[in-house]
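Report on the structure given below.
The values are calculated or read from the model by the stated rules, or taken from the named source; none is laboratory data. Treat the numbers as computed from the prediction; the structure is a model and nothing was measured. As a convention, Cβ positions derive from the backbone with ideal geometry for all residues, glycine included, and neighbour counts pool all protein chains shown.
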């Protein structure tokens, strides 16, 4: 028999498989590595969810503050819902006018009336824009026609508007509950409506 074949057979006879202890050890080490990777991935996912939730509630509160502040600065008439326990969805009503110059009657409110009503429905804030185009008489409540409804923000828990005749204080609270827990943001905006130059 050739020498090569003898050596090959002796190599095959000397080889043996893994023992049970070696297999269990390898399995235990693999399980520890997989568990560590799974924990790391979960922590990364949770951290991302928390960061995303925080940014979302901050953005929603900022959008609410921006829109309500901008419209309040235009408004001449401010009406708030003073009863926080009411089931009314209307939060804030703002009205302003575009005056046409009339030297004989500068305080006449004939012209274009603008009205914005903010409503909160199931955590979503809407901006409802009404317009009244009246040239021959004073504007009445029946003259306002809904022109558009704009979705402003979501995740809004509560909006409180307090108007003292000079300054409107708007308190906005938004929250998100996700895998990272409760993310909440509250901000207070203080806005002054435009002064009435027509007395």
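Descriptive notes on the structure:
- Residues of segment 22-78 classified as surrounded by 16 or more Cβ atoms within 10 Å (Cβ to Cβ) and not in a helix (DSSP H, G or I), total: 3
- Any pair with Cβ under 7 angstrom, 6 or more apart, that starts in segment 109-121 at a residue that is at negative phi and at pLDDT 90 or above and ends at one that is buried (at least 17 other Cβ atoms within 10 Å of the Cβ) and outside any strand (DSSP E or B): 115/144; 116/71; 118/68
- Test result for residue 185, touching a strand residue (DSSP E or B) at 6+ places or on another chain (Cβ under 9 Å), assigned to a strand (DSSP E or B), over 24 Å from residue 51 (Cβ atoms) and modelled with pLDDT of 90 or more: no
- Number of the exception - residue 149 against (1) surrounded by fewer than 14 Cβ atoms within 10 Å (Cβ to Cβ); (2) in a strand (DSSP E or B); (3) modelled with pLDDT under 85: (3)
- Every residue from segment 158-178 that is under 18 Å from residue 74 (Cβ atoms) and surrounded by fewer than 21 Cβ atoms within 10 Å (Cβ to Cβ): 163, 165, 166, 167, 169
- Residue 84 being modelled with pLDDT under 70 and within 22 Å of the chain's Cα centre (by Cα): yes
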